[in-house]
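Notes to accompany the following structure.
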Amino acid sequence: MIKCPFIGIERHRIGTDGVGVTTLVAFHGCPLRCRYCLNYQCLIAEGVRWEKTPQEVLDEVMIDNLYYLATDGGITFGGGEPAQRSVFIEEFCRIAPAEWHITMETSLNVDHEHLVRLLPCIHYYLVDIKDMNPDIYRAYTGRDNQRVIDNLRWLAEQGKCDNVTIRLPHIPEFNTPDNIAESRKKLEAMGYHDFDEFEYTTDVKGHKKTARS
């Protein structure tokens, strides 16, 4: 029986996590250690609110089925890093109504096998690439971004550029407008064309807030 830890399930999100009315299902756990992490609870043991099976999650979100069907909405998997829970998502999509649109918010910094498994399941990807410059990425996340680049290229090769929004953040003290322009240029060369450019601001605790430009 597949069971995963979650930091929360948030209903009735409109215009922030995909098309129509969506429910954000947020997993615990992330391979990155971003300096301005928005969901720091996903990194600590105390952040787990519950553990659920795919059927238990489906039972909980089914209450909004009519909203999903009426608005072409559905479920957005976030976190944390949802792509590393590919087996869970695959099983959820197998038992969920086929009409639901499934979106995933991801850094793409996961083993390639997860994306291969998820390719038939995910209708839309919201990808926060942080920055394409490997030095900036490593300084901000504590990790290397080669897997991100490889996975972006692979998604483009699968014809998914029209199904991806790339989030390009302005990160105080880490990147500049020139860095962002260079990231965009590299991504456009891969075939991506839908970008969400916004600015990170920080509170006194150093956790990230976002202000879109």
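Maximal additional length on extending the A98-M1 stretch stands at 32.7 nm, based on 0.36 nm per residue less the C-alpha distance.
Mind running the shape call on region 44-129? Use the C-alpha gyration tensor, a ≥ b ≥ c as the square roots of the eigenvalues: rounded below 1.5 for a/c, prolate if a/b tops b/c, oblate otherwise. Taking the square roots of the gyration eigenvalues as a ≥ b ≥ c, region 44-129 is oblate.
Taking Cα atoms only, the orientation of helix 177-190 departs from the longest principal axis of the chain by about 60 degrees.
Take the Cα of F198, step 7 Å toward its Cβ, do the same at R11, and the gap between the two points is 2.4 nm.
Multiplying the residue separation of V116 and K186 by 0.36 nm and subtracting their alpha-carbon distance yields 22.9 nm. Rounded to a whole number, what is D in µm²/s for region 155-203 from Stokes-Einstein with the Kirkwood radius over alpha-carbon pairs (10 °C, 1.306 mPa s)? Using the Kirkwood radius from Cα pairs, D works out to 136 µm²/s.
Taking the square roots of five times each eigenvalue of the Cα gyration tensor of region 54-96, the equivalent ellipsoid has semi-axes of 19, 12, 9 Å, listed largest first. Taking Cα atoms only, the orientation of helix 86-95 departs from the longest principal axis of the chain by about 40 degrees. Report the percentage of all Cα-Cα pairs in region 96-188 whose separation exceeds 23 Å, rounded to a whole percent. The calculated P(r) of region 96-188 puts 26 percent of pairs beyond 23 Å.
Beta bridges assigned by DSSP with both partners in the chain are antiparallel in approximately 40 percent of cases.
Rounded to a whole number of µm²/s, how large is the Stokes-Einstein D of region 1-106 at 25 °C and 0.890 mPa s, given Rh as the Kirkwood radius over C-alpha pairs? It comes out at roughly 177 µm²/s.
For the chain, please report how many Lys pairs fall under 16 Å Cα to Cα, leaving out neighbours fewer than 8 apart on the same chain. The result is 5.
Note on the chain: with charges restricted to the Cβ of Lys and Arg (+1) and Asp and Glu (-1), its dipole about the Cα centre is near 400 debye.
Helix 146-157 axis versus longest C-alpha principal axis of the chain: approximately 60°, rounded to the nearest ten. Based on a Kirkwood Rh over C-alpha pairs, give the Stokes-Einstein translational diffusion coefficient of the chain at 37 °C and viscosity 0.692 mPa s in µm²/s. Rounded to a whole number, D works out at 187 µm²/s. Note on the chain: GNM, Cα springs under 10 Å; of E188, E91, E173, the largest mean-square fluctuation is that of E173.
Here, each number is a calculation from the coordinates, and none is a lab measurement. Remember, predicted model here, so these are calculated numbers, not experimental data. Ideal geometry is used to build each Cβ from the backbone, glycine not excepted, and the neighbour counts take in all protein chains shown.
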